[in-house]
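The structure appears below as structure tokens.
FYI, it's all coordinate maths here, none of it is from the lab. Not measured: the values here are computed from a predicted model. So basically every Cβ, Gly included, is an ideal-geometry build from the backbone, and we count neighbours across all protein chains shown.
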Amino acid sequence: MTPTRTLARPHVAHALPGVLLLALVLIGLVAAPALARSGRVGPASRTASAPGALATRLSRGADTWYGIDDAQPTGTLVYQMGGSTPGMRLTATNATGATIWSVESGDVWAASGTLPAALVATFPDGDPNVPRDGELRAYNANGTSRFHKTFKNKFVQPLADTAKRLVWIETSAKAVTRIYVRQGSTTHMLRLLPGVTKARFVNPVAASADGRRIVVGQYLPHASSGRRVQTDWVTVSRSGIPSIVSQGITPWVYVALSPSGDKAAVMDSAAVGGVGNRWVDFGKFSGRLFEGEDSSQMDVSAQKIFVQGAYTFGNDQLGWSTYGVTVLDHGPMMLYKRAWTFDDATSSIWFRHDGQILCLAGVDSSGALTVINTETWAIASVPGTYADAVPIDGGRLATMTKDGTLAFIADPVAGP
């Protein structure tokens, strides 16, 4: 199974943050409204500020899609895809939404620094399933470039961008995977063994916020027991030298590291109904099981675990779908759980969260925006129709309309 890369909302077949590889079942976006029928929706309130249309759109046609790759208090990464000009445009803004830099190519992958800084790989060839030529560039917060290199016939994945180091992975056409760490003017390389049996993006892969702890999975042929992944835990020394801590064969399809990298939430291919997900220490291959509600995405903050799940069912007589989110502490003990049930089996809702996993924002397939506080359980609907929305630490939401307008609104469920 070839991993599918998506941006921001995996239920949209053309659209998750660029550093991640997800093997997901993509659910088509439909135009018909399908509002959630479960739960309380409180009074909505919002304060809009600094709206603006994205500069240099690829197309003004109905087949152009817009979304938010990442949002931080210091800036955003927003994208455009499709339209009359095939390809993708990635634009970095400051905290007010003003454009700082942008890049357009057939395909674009990014690892956020402190936005608008980012490490970005661009590929003129838009097919993500073949090794390609391209460029890797590190953008500073003011839009200037501090590092640039070209590559030939490779898979390249940006992993981390910090003030001290850049981290990326390259897999050659001969299926040799290498981790690169650039610190100052020196680049160190670690070759991983064994190589994948066929050249492809590595999956799963994750890095800590400082780029000093990394987990890499290389897909191996199926066995009768299911998925096999060569999993490597890697550390980076203070001088920027990467080395392997431990190796093992796992059935893992998704790993999310905590910001410090000391813990990881792991999704197992054998998990059924959420049973089988694990909370493990860095470098380990076993840990406590926790519920995941048919997981399709996980993230970890300094204190919480975010799990997004989906289950669908449909036949000629009956069709329905339930999409849920679960938030746990590092126990891991459940703090919040909620499921949405729709009248239409093709409908969906997809959630984004802030860095603390305190606020969740979900946009459903009709464009309706729901915001949740995971500590108070307050919930509100926000007027308008949206393509995407991402909560930001500090009490704002970055929102994107379907015509490409980026705006910031006050968090309607912020605590006292």
Next item on the list: Rank the residues ASP125, ASP232, ASP107 as a footprinting-exposure proxy: fewest other Cβ atoms within 10 Å of their Cβ go first.
Entry: ASP125, ASP107, ASP232
Check: Charges only on Cβ, +1 for Lys and Arg, -1 for Asp and Glu: so what's the dipole of region 139-199 about the Cα centre, in debye to the nearest 20?
Finding: 160 debye
Item checked: Label-point separation in nm, LYS152 to THR405, each point 7 Å along Cα→Cβ -> 4.8 nm
Checklist line | Sorted by Cβ neighbour density within 10 Å, fewest at the top, the residues THR74, THR144 | finding: THR144, THR74
Check: For region 169-216, what is the charge dipole size about the Cα centre, in debye to the nearest 20, if Lys and Arg each add +1 at the Cβ and Asp and Glu each add -1 at the Cβ?
Finding: 140 debye
Checklist line | Global form of region 75-121, assessed from the alpha-carbon gyration tensor, a/c cut-off 1.5 | finding: oblate
Notebook entry, point to check: Which net charge results for the neighbourhood of TRP168, defined as the other residues with beta-carbon distances under 10 angstrom from its beta-carbon, given Lys and Arg at +1 and Asp and Glu at -1?
Noted result: +1
Check: How much length is gained on full extension from GLU104 to ARG238, taking 0.36 nm per residue of separation minus their Cα-Cα distance?
Finding: 44.8 nm
Notebook entry, point to check: Expressed in nm to one decimal, what extension gain is obtained for the pair SER286 and THR376 from 0.36 nm per residue of sequence separation less their Cα-Cα distance?
Noted result: 29.1 nm
Notebook entry, point to check: Label 7 Å along Cα→Cβ of THR187; region 109-147 residues with amide nitrogen under 12 Å?
Noted result: 135-138, 147
Check: Of LYS154/LYS337; LYS149/LYS174; LYS164/LYS402; LYS164/LYS304; LYS149/LYS284; LYS284/LYS337, which sit over 31 Å apart, Cα to Cα?
Finding: LYS154/LYS337; LYS164/LYS402; LYS149/LYS284
Checklist line | Which of ARG191, ARG165, ARG132 has the fewest Cβ neighbours within 10 Å, and the rest in rising order | finding: ARG191, ARG165, ARG132
